[in-house]
Structure formats: C-alpha cells, structure tokens
Amino acid sequence: MKVEEKNMNQMIDLSLFNQRRFDSGAIGPLVAILHNFADPGEYRGVATRGGERSIFYLTVESNHAASQVNIDLASLGPARATGAQPCCDCAKTDGARHFSIGPKGYVLFYVSTGAPGFAVQIGKSDQGPGPKSFDSRALQAGDLFAVTLVRPGTYSVKNTLSQGGRERGELELAYPPRVGKVAYQPPGPFRVQSGKTLEPLKIKLQAAQGLVFEVTATSRLVLDLQKANDGQRRSR
Amino acid sequence: MSHLTAAVSENAFEQLFALVRDNFKYSTSDSKNFGPFSVGYSVALHLSGGSITLNNDNTVEIQNVDIDWDSLQAQICLNLPQLCVGGWCIVPDPFDGCWVSVPKWCIGGPICIGPDLSGILVSRIHDVKARLTCKYVIDPLHTSTESDLEAELNGHPNKWKVFIDPVWVHVDPIDVGATADNLIEKLVNDAIDAILGPAPGFIKDLIKAIIGPVLGFIKAILGIATSIQDWLSDLFNHQFDLLGLLETAIAQYFAAKYPLYEWPDPYPILPAGAGLIPVAIPIRNVACTVNSAEMVLQADVG
C-alpha cells in the first residue's frame, strides 16, 4: 500500500486573509451586505468589478417563504450577451443567476473567493433605466453590512457618506486565544449603528467575532487596517 | 509391523520446529472506506520465541510465539470540515433561532496520515494444537517417462514430508499500546500544519483555537467514543479481521507450506562408486506420531 501524498497547500486560499480594507461599496470575501426587498416584483441586478459586469434576476414573491437568499457575486460570471441583443433574457432562464425571495426575507450579497471590489445595483425590471432600488455603494436605512475580521490589529472605521465624513471609529481585534480544553467559539456579533454618526465609536472584538453595521442613514462603510498584530506564532 | 522405525527426540524436535517458525513470513494489506474517513494498512511480520510440548495423545502444542511486525504502516484519511470563519447569525429570530446568517468562509479538506504502528502493536500466538501428518509430494519436474530412481538421480525426487497439521490456532487479540493516542495526535497536528503551511501565524493560531484540542477533534471526526487506542484495536482485530487472517495464514503455513522434516523417495542408501550403481530404497506407508518424549516415524520398504 502506498501512502498518498496530497498537495495540501492548494486547500488554503490566502486571499481570504490578506485583505487590509473592507468596504461596503467594494464587496469582497469576509463581508456581506443584506437588503430587504419589501416590494414584490421582478428585479434586475448588475454586479460590477472593474470592467467586469454580471447580470442577475431577482423575483420577490409575496408567497415565498425563504428568509434568505445568498448571491455569490464571484460566481455569477460575466454577462453573456452584449450589443444589440438584450442581455437580460439569457440570465433570466439561467437558474444560477435567477434568485427568489419573500418580501420579508433578505438578499445577502457576498464574495466566496477572489479579489474584492464588487458593487451591486438592483432596480425593478419594469421601470427600465433609472435610479435603482438598491446600490451597495450607498447603503440605506434598514440595510446591514456584516464583516468577519480575522487579522488581529487596529482598524479605522468610517462612514464615507456621513455628513462631514470626518468621524472615524476605532476597532481593535484581539489575537486568537490559546488552544483551550474546548474548541474556541467566537462570541456573538457586535452591533454598530451607522447613522449620522457611528455608535459606538470604539469597538473591541474577539478573534473571528462578527461585526454588524445596522444602517440608519446613507452609508458607505470602510474599515482599514491601521496596525496589524500578527503576533508571534505560538508553539503547538 | 513396519520395516523401518526412526525417532526424533523432543530436543531435536524443538530445533526442527525453530526452523519452521523462523521461515514464516507473512504480509498483507487492505483498505476500507468508513464514510467520513478511510483507513488502509500494510503489514509484514515474522515469528519468534515460543515453546513446544509433545503430548502422549499424539498431539503437539505450541505456545506463546511472538508475532514480530517487520512493518505495520497504516493510512488514515479524513476531512477537516470545521476550519471556517463566518457562519454566524446576523438577523436573529426569537422563535427559531436565526432568520439570516452570514456565509462561512472555510479552508481545509482531506488530510491523510500514515502512522507507523509497528512499535506499538503487540500480538502473539497464544496456542496451536496440532497433529503430525505425513504427505507424499510428487515433484513437479518428475515426468511420467521417468522412473522414481531416475528422478532421484536427476535431483528432483518425490518426497515424504512431515507437517505440523493444526487442529486449532489461537492468536491473541492485537494489543495497541497506550502511546497510540499521542502518535495519532502528533501526526494530525503535523498534517494540519502542512495544510496551513503558507498561512500567516495568526491564521494558524485562529484555526487551532477553533479546532480546539486535536485529540478531541480527531475523535469527533472518526466517531470514536472511547480512546484511539481502543479504536485501533477494534479496527485491526474486527473491522479488518487481521486476527483471523493471521490464524488462517499460520494454519495453512504449518499444514502445507514448510515441513518439519522431509526425505526423498526412493531414499539413498549407497552412493555410486567402484563401478557400482547407487542404491536407493523406496519408502511406503509412512506414519508419524508423537508421544511426550519423541516423534516416531514408521515406514515400509517396497
């Protein structure tokens, strides 16, 4: 019997851990944006990152029971049709790019892997071009922005769309605890209000603890790593 | 009454048995998939030590022969399913726990460890009860046009062979040393380190904190309720039935593969010389028995 050797290094996606900025307007791994589409109907969404563009469809049905639908922006793929042919119809028949939710549920946008930088705009299909119901670059009251930080250190927290835009919060993420007698479970998520100001301004998180920004006024939330605490690797 | 009678003392019998025992070599391998994990093994072994007793009831009893593992390499493959961040609840629901949760971002996958268990597994032949059997074995090179005497002169005579023919073989269950837990824990730890090799130190520390004590983590994945020591013991003794395979291999070996003693038929009496042809006598009706003092061989000439 030959003992197999596997290339284990392929199993780890380092891009998950190398991010220094987490931006609700430029969605990447470890963050999620939630929006409730309370108005039933057909919606058309566009996800962009740099020059890439993906189209997807969302149906909000009054009798739909699902409380949550996750849309992985990294797996939508580019829009298939261009030019004179409308790009909408092909996506509409593609199950991987057509989503459904109830009016009380949340649509959750996230990026499973790869580089950050996604923005999402969604509007009612029957309203044609024009202002959108949702734009991830300007979150509105009721939206949620969730972040799971993993790199210990100090971060600045800012709502770049707040009036004045100068107010800056500070976040400190603790180094992971030592291996204990039981497996470590991060505490429940820490919640921050993002309105005219951030409340609270000082945030202390345990390792891998979730962070939720509850948006009460137009927000684009940006967290920047100011000082990493990479520590010294402990002995096993 | 037989024409010939020969006796082998108990002491000489023990020396003949030692040759049989020392020539025993066995190797086997197997693998099984148990759903969340798979296990394979490859073993090679030989025998040593033990004692032999000749009994008046025409039986031979072999006891306490050590099974020495020349190699005992296992391979255990399992998935690391819990190396995730995220997955927490973002919109709680007081009625059913969670209305909306964030996705999980996970790393990990299958890992395989290859513990060398040759130093920590112990077993021995507890007891073999046997009778002696004499078999006439026709040499495969002996052609139909060749007389027995010509075959003897050409170096491939038929032979009489005395085998130890087991009535039963009882091998003690394989005993796994207490260090098995530490060995497996260390190997899994090393494998996790290999997965996390390129990751920064804070990620390694975070993942290890999430995993918690490695031994508990492994036992949860493998569904082990007791100790890894007991789990390995059950695996080899029952799941793979290595015990049964050993007993069968030992019985077949003693009964037919390596004789205690053998001699050619016809049996050479005088070599050729001084213008005379060699003299050999045909041996027939061989019987082999034992008593508490010796092995007795009886045969007819003709």
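The values are calculated or read from the model by the stated rules, or taken from the named source; none is laboratory data. Since the structure is predicted, the reported quantities are computational estimates derived from the model, not experimental observations. Cβ sites come from the backbone with ideal geometry, for glycine too, and all protein chains shown count toward neighbours. We work out accessible area using only protein heavy atoms, side chains counted, and drop any ligands, DNA or RNA first. Shrake-Rupley method; radii C 1.70, N 1.55, O 1.52, S 1.80 Å.
Assorted remarks:
- Restricting the stretch A:54-85 to residues that are surrounded by fewer than 19 Cβ atoms within 10 Å (Cβ to Cβ), modelled with pLDDT of 90 or more and more than 14 Å from chain B (Cβ to nearest Cβ), the residue that is farthest from A:F37 (Cα to Cα): A:N63
- Tally of residues being open to solvent by 10 Å² or more (accessible area, probe 1.4 Å), part of a helix (DSSP H, G or I) and in contact (Cβ under 8 Å) with a residue 40 or more places away in the chain across the stretch B:218-236: 5
- Restricting A:G153, A:G169, A:G123, A:G128 to residues that are touching a strand residue (DSSP E or B) at 6+ places or on another chain (Cβ under 7 Å) and on the phi > 0 side of the Ramachandran plot narrows the list to A:G153.
- Any hit, the stretch A:183-203, residues being loosely packed, with under 15 Cβ neighbours inside 10 Å, among the aliphatic types (A, V, I, L, M) and more than 7 Å from chain B (Cβ to nearest Cβ): yes
- Condition broken by A:V150, with the remaining ones in (1) exposed (fewer than 14 other Cβ atoms within 10 Å of the Cβ); (2) in contact (Cβ under 8 Å) with a residue 24 or more places away in the chain; (3) closer than 30 Å to B:P213 by Cβ satisfied: (1)
- Search result, residues across the stretch A:135-144 that are part of a strand (DSSP E or B) and among the acidic types (D, E): A:D135
- Just one residue in the set B:V162, B:V167, B:V214, B:V188 is touching a helix residue (DSSP H, G or I) at 6+ places or on another chain (Cβ under 8 Å) and in contact (Cβ under 8 Å) with a residue 40 or more places away in the chain; that residue is B:V188.
- Members of the stretch A:204-232 found to be more than 8 Å from chain B (Cβ to nearest Cβ) and small (G, A, S), listed by number: A:A217, A:S219, A:A228
- Options B:S123, B:S144: the member that is open to solvent by less than 20 Å² (accessible area, probe 1.4 Å), among the small types (G, A, S) and away from chain A (no Cβ under 14 Å): B:S123
- Identity of the residue in the stretch B:104-120, at pLDDT below 85, within 7 Å of chain A (Cβ to nearest Cβ) and in a loop (DSSP other than H, G, I, E, B), that ends up surrounded by the fewest Cβ atoms within 10 Å (Cβ to Cβ): B:G109
- Test for A:A174: is it within 13 Å of chain B (Cβ to nearest Cβ) and surrounded by fewer than 20 Cβ atoms within 10 Å (Cβ to Cβ): yes
- Qualifying residues in the stretch B:147-190 (those that are of a type in the set (G, A, S) and over 19 Å from B:A280 (Cα atoms)) - the one most open to solvent (accessible area, probe 1.4 Å): B:A178
- Pick from the stretch A:92-122, criterion in a loop (DSSP other than H, G, I, E, B), more than 25 Å from A:V192 (Cβ to Cβ) and of a type outside the set (S, T, Y), ranking: modelled with the lowest pLDDT: A:D94
- Residue within the stretch A:30-40 that is more than 15 Å from A:I122 (Cα to Cα) and either in a loop (DSSP other than H, G, I, E, B) or open to solvent by 40 Å² or more (accessible area, probe 1.4 Å) (or both) present: yes
- Filter result for A:S125 (open to solvent by less than 60 Å² (accessible area, probe 1.4 Å), at pLDDT 95 or above and hydroxyl-bearing (S, T, Y)): no
- Hey, B:A191 in a helix (DSSP H, G or I), more than 7 Å from chain A (Cβ to nearest Cβ) and out of contact with any Ser or Thr (no Cβ under 7 Å at 6 or more places or on another chain) or not: yes
- Taken together, the criteria place B:W99 among residues that are within 11 Å of chain A (Cβ to nearest Cβ), in a strand (DSSP E or B) and surrounded by 16 or more Cβ atoms within 10 Å (Cβ to Cβ).
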